[in-house]
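This report concerns only the one structure given below.
Please treat every number below as a calculation from the coordinates, not as lab data. Since the model is a prediction, treat every value here as computed from it, not as a measurement. Glycine gets a Cβ as well: all are built from the backbone with ideal geometry, and neighbour counts include every protein chain shown.
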Amino acid sequence: MRPDANESGLTAAGGPENRAARPRFNPTLSLSVLILLLISTVALAQQRFPPPDFESGHKLPLTTTPAGRAFIYEYVDVAVLAACIAISVFLIYRKRSRAGLVGLSLFSLAYFGFYRKGCVCAIGSVQNIALALFEPGYAVPVSVLAFFILPLAVSLFFGRSFCAGVCPHGALQDLVLLKPIKVPAWLEQALSTLPFIYLGAGVLLAGTGSAFLICQYDPFVPVFRLSGRALMVIAGVALLALGMFVGRPYCRFLCPYGALLKAGAMVSRWRVTVTPDNCTQCRLCETSCPFGALREPEEVQTTPSVLRQDRRRLAFLIALLPVLVLGCAWVGDFFSGAAAALNPTVSLADRLAAEKETPAKSGALSPDDLALDRARQNADEFLRNAEAIRKRITTGSRIFGGWVGLVIGLKLVGLSVHRRRKDYEPTPGDCLACARCFEFCPSELVRRGFPNGFASQPLDGSPLEPALK
Amino acid sequence: MRAVPAICQLRIASRAFGKTFSMRGPNTQFSRRRFLQSGFCGASLCVLGVSTAGSKAVGAGTPASQSNPLVYNVDQMTGIDPTLIQYEQVRAIPGVGAGSRRLAIGPEGRLYVAGRKGIRILETTGNPVGELPTSEPARCVAVAADGGVYAGTRTHIEVFSSKGEAVAKWEQPSPKTWLSGLSFSSSGLFAADSGNRVILRYDLEGKLVRKIGQKDPQRNIPGLIVPSPYLDVKVGADGLLRVNDPGRHRVDVFTAEGDLELSWGKPSLSIDGFCGCCNPVGLAPLPSGRWLTCEKGVPRVKIYSAEHALECVVAGPDLFVQNGRPGQVSDQPDGTLGGLDAVVDSKGVIYVLDLVAGDVRVMERKA
Amino acid sequence: MSPPSSNPNNPSRRQFLKDGARIAAAAGLGGLMGSIAMRSSAMNTVWQIDPQKCVRCGNCATHCVLEQSAVKCVHAYAICGYCQLCTGYFEPEPNDLNTGAENCLCPTAAIKRTFVEDPYFEYTIDERLCIGCAKCVEGCNRFGNGSLFLQVRHDRCVNCNECAISKVCAGDAFRRVPANAPYLLKTTSHGL
């Protein structure tokens, strides 16, 4: 009688046999492995059809099972990530050093980007978390969990320190930035809702097991891997070309993980400030931020009529919020078809339902027909399964629609809230903590022990004051 | 004068640069209407983007028109001239049981199917008559002239009386034994042992009389090549044994004493040869020295004349669609299992067992 | 650390809201992490092909994110029949049973055929050349014992979040397997 383990005619291998494939390492170990193998072959000899008897005594080679990257290195990755974030925080808040951050960016780009090929990355980890939340059978690797949690937890205290110099995607874009131009405020505000919508779409598709959209449409991983789909290679190069003039376009207008970090940074305990002590309103830093995160001081008009109007508008927008959410949820329903089509099971089930009556093709089949053939084997169960997934996707699409409505509504509300700001300061959500603005602040230069009284020294014989206005 | 530090110059230069490129300070005071307009445009753009991305991904996910450029294609080589096909399927007997391996026909005209639970006995109409359970899954079966049944499991032979009583259980001849074919004749019971690449000749008491087909240069026997457990043996009306030699793509003719008389058959995908690397897998005698052969991979049943020339085709791959796609059948625990077995009754009706579909096709000569 | 900028008018309320939100977010993150970590206390996983579900559709060669697919053909020698006419090695209708390119099935000549003894030949895969197209696997499975089969080779696989091939796999054969047993090798060809 066959033991159950061999019922499938398969063996999960890798550990011991892998070592046996290279038996020079450790004689005792390989001996024990040999004994183990001998026992297993005796057991298997009962079931396996005997190979030919070689009169020449030829020995059957073993199937090799080369090991993957040892899992200890995953923890190394996590340790490097933690160290990089710590260094980043240190460089931003303590050293206030742009040069240091550039160095860290270069390291991150080399390690997480070109050495680890952009995988595992915090941006993609969102999808693993989403899948784990909705698919009970899926276990998130510990390293992926760490990549998701660490930058987010840090953002609650130190803003987007991860974006500053740890994320390889950000580092790559940061390093190609040549001549930043200012994105018009209206466009900037409009585009800044995209990451949240992208995040919603990514979570919807990952959570329903349809696709890892964020990985599939990652523009920079093909750059790190130096290979990939033509579409994404072109997109990556185009984004980098754009990134020479528009600071970090992916981070600001697409990155779904950036959206999460932005939310974290909005309530962060400590924030990046341009000046190390007091703002003298010298406006030197005014143009320093290439990411449109630096806001000028703003005085709120306190005229009662204006105030009343503003309040009325705010109340209207807040009242609009649920309407917007519900309306968009209704619109989201129309997306469920497109989202379901992205799910391989559902799209195959659609084909199966359409061609259930047509007989199976004979001869050489295309991959598609093979898949159809496989689905046919257990058609009813397959269709039932697909229907369950489709239901989840429909619900998910509605939630996604509602989410889009919420994002737009909150954006409108946010734009209607007046923030009193007396200093030049970066908005905590948008600030990528790149440390560029620090060097623009005279107080910072003083802090760094810059020679006192430099302003009184004329430049090329002409008075300095007019140049600085 | 020259003492102005470089960093200060840099500051001033960059400020001038900023002015030149009209980098004004960020302004949050902008028209909300403009934002709404742009937001609407942005949203619709996003919708457009997502839907096109979606449709693209759909294209990537289900490559509807895409075919495999490196497909292993035997279609163009296995086409059968329709005039060669002289039989047609008149009916099928479904559900003879998963894991059925071999088929035999009794003197009373009943079908005996060796399967997972033992031997199933059926009328040729498909009516189940009885079952003879074996201790292990049955892999081959032979019926004696008196109606006694010999069931071969992987390791041994179990004997049943004509009334269906278990009579004897012969002992395993060798540790490597892997029985895959049985044939009864007046000179004894012949068992095809794929594991040892040999035909075992038993007397009716279960005593091993002789081993046939072993490599023996003195008797000019090259030895059977059996890569997989499909060795079959059938005794013809002439008393000679027909043994398939799947590794050589031919049929060997042995005397009951173990002398190799002759061999016939050639490897080829074309209809007159035996296809693939291990064929034929099943044999059945026909009147006047003609023989029926079964092949797997490209499942086909053919009839060879007494002169070993292809006479006609009974059934081609069209009749056994799943069988022609071995390993692509998910409910088979063994990915490669496939093949056919066939018997002929006294009226010349051919019964073909499809191992994958688990049914028996009843083939009659076309009118 | 720079002190947080605070609003002079209602510092306490803003600060309170911010602190509250932060604490809530931290608690939420902690809860999320806890609930997921409970589940991921299981083994680390890698991608692998179940050879018994593989239908040899050819997508492994074309859909891997790597330039040359991490999926390779591997050989379970113990199942192999060592046939002279190997349908995994030769074209379906070879002119001659020799190593001439016109007779060989593999598009990259990744299979090596060595003589063992009459009439047996051994077939080995050169993984540097193999592109994982499964043409030989189909030939071997269709006619032979199915000793050739596809496996994700973990010295090459980058263990993507979501394997690109798995989403297009016609046989739904890809699955995550525990990282300490990363291969699903065939051990029997003719079961039962």
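With 10 angstrom as the radius, rank C:Cys160, C:Cys57 by how many other C-beta atoms surround their C-beta, starting from the fewest.
Working: C:Cys160 21, C:Cys57 30.
Ascending number of Cβ neighbours within 10 Å: C:Cys160, C:Cys57.
Once you average over the residues of C:169-178, how many Cβ atoms of partner chains fall within 10 Å of each Cβ? Could you put the intermediate results ahead of the total?
Details: counts 5, 16, 8, 8, 2, 0, 0, 4, 2, 4.
If you average over the peptide's residues, the count of other-chain Cβ atoms is 5.
Provide a whole-number value for the mean count of partner chain Cβ atoms within 10 Å of the Cβ atoms in peptide A:418-425.
Values: counts 1, 3, 4, 3, 3, 1, 2, 1.
So the per-residue partner count for this stretch is 2.
Suppose every K and R has +1 on its Cβ and every D and E has -1 on its Cβ; what is the size of the dipole of chain C about the Cα centre, in Debye to the nearest 20?
Numbers: 19 positive and 16 negative charges, 300 e Å.
My answer is approximately 1440 debye.
Between C:Thr124, C:Phe16, C:Ala110, whose Cα lies farthest towards the positive end of the dipole of chain C when Lys and Arg beta carbons carry +1 and Asp and Glu beta carbons carry -1, centred on the Cα centre?
Most positive-ward Cα: C:Phe16.
Excluding C:Ala24 itself, calculate the net charge of residues whose Cβ lies under 15 Å from the Cβ of C:Ala24, where each Lys or Arg counts +1 and each Asp or Glu counts -1. Before the final figure, lay out each step's value.
Values: positive: A:Arg269, C:Lys18, C:Arg22; negative: C:Asp19.
Here the charged neighbours net out to +2.
Would you mind checking the radius of gyration and Dmax of chain A based on alpha-carbon positions, in Å?
Looking at chain A, its Cα Rg and Dmax stand at 29.3, 105 Å.
Using only the alpha-carbon atoms, how far is helix A:98-108 inclined from the longest principal axis of chain A? Give it as 0 to 90 degrees, nearest 10.
10 degrees
Could you order peptides A:278-288, A:429-439, A:146-156 by the average number of other Cβ atoms within 10 Å of their residues, highest first? Walk me through the numbers before you get to the answer.
Details: A:278-288: 18.1, A:429-439: 25.0, A:146-156: 23.4.
Most protected by this proxy first, the peptides run A:429-439, A:146-156, A:278-288.
What's the ranking of B:142-149, A:67-74, B:355-362 by average number of surrounding C-beta atoms within 10 Å, highest first?
On the way: B:142-149: 18.9, A:67-74: 15.6, B:355-362: 22.8.
Listed from highest to lowest mean packing, they are B:355-362, B:142-149, A:67-74.
Give me the dipole magnitude in Debye, nearest 20, for segment A:258-328 about the Cα centre, with unit charges on the beta carbon: positive for Lys and Arg, negative for Asp and Glu.
Values: 9 positive and 6 negative charges, 65 e Å.
It comes to approximately 320 debye.
Over 20 Å between Cα atoms, which of B:Lys215/C:Lys112; C:Lys53/C:Lys112; B:Lys176/B:Lys215; B:Lys234/B:Lys302 qualify? Before the final figure, lay out each step's value.
On the way: B:Lys215/C:Lys112 28 Å; C:Lys53/C:Lys112 26 Å; B:Lys176/B:Lys215 17 Å; B:Lys234/B:Lys302 16 Å.
In this structure, B:Lys215/C:Lys112; C:Lys53/C:Lys112 exceed 20 Å between Cα atoms.
Relative to the longest principal Cα axis of chain A, at what angle does helix A:122-134 sit, 0 to 90 degrees, rounded to 10?
Helix A:122-134 and the main axis of chain A meet at about 60 degrees.
Report Rg(Cα)/(2.2 N^0.38 Å) for segment B:235-329, keeping two decimals. Write down the numbers at each step before the final one.
Working: Rg = 13.4 Å, N = 95, 2.2 N^0.38 = 12.4 Å.
The value comes to 1.08.
Helix A:230-243: angle to the longest alpha-carbon principal axis of chain A, degrees 0 to 90, nearest 10?
It works out to around 20 degrees.
What does the structure give for C:46-57 when I average, per residue, the other chain Cβ atoms found within 10 Å of the residue Cβ? Don't skip to the answer; put the middle values down first.
On the way: counts 5, 1, 2, 0, 3, 4, 10, 5, 3, 13, 10, 13.
Average neighbour count from other chains, rounded to a whole number: 6.
Treating only the Cβ atoms of Lys and Arg (+1) and Asp and Glu (-1) as charged, compute the dipole magnitude of chain A about its Cα centre; round to the nearest 20 debye. Intermediate values should be presented prior to the final figure.
On the way: 48 positive and 34 negative charges, 237 e Å.
Dipole about the Cα centre, nearest 20: 1140 debye.
Which three extents, in angstrom, do the Cα atoms of segment A:117-214 have along their principal axes, listed largest first?
48, 28, 25
Could you let me know the centre-to-centre spacing of segment A:369-430 and segment A:58-126, using Cα atoms, in angstrom?
29 Å
If we count other beta carbons within 10 Å of each Cβ, what is the order of C:Met38, A:Met266, B:Met363, A:Met232, fewest first?
Values: C:Met38 10, A:Met266 20, B:Met363 23, A:Met232 17.
Going from least to most buried by this count: C:Met38, A:Met232, A:Met266, B:Met363.
Of the options A:Met232, A:Cys328, A:Val221, report the single residue whose Cα projects farthest towards the positive end of the charge dipole of segment A:207-365 (beta-carbon charges: Lys, Arg +1; Asp, Glu -1).
Positive-end residue among those listed: A:Val221.
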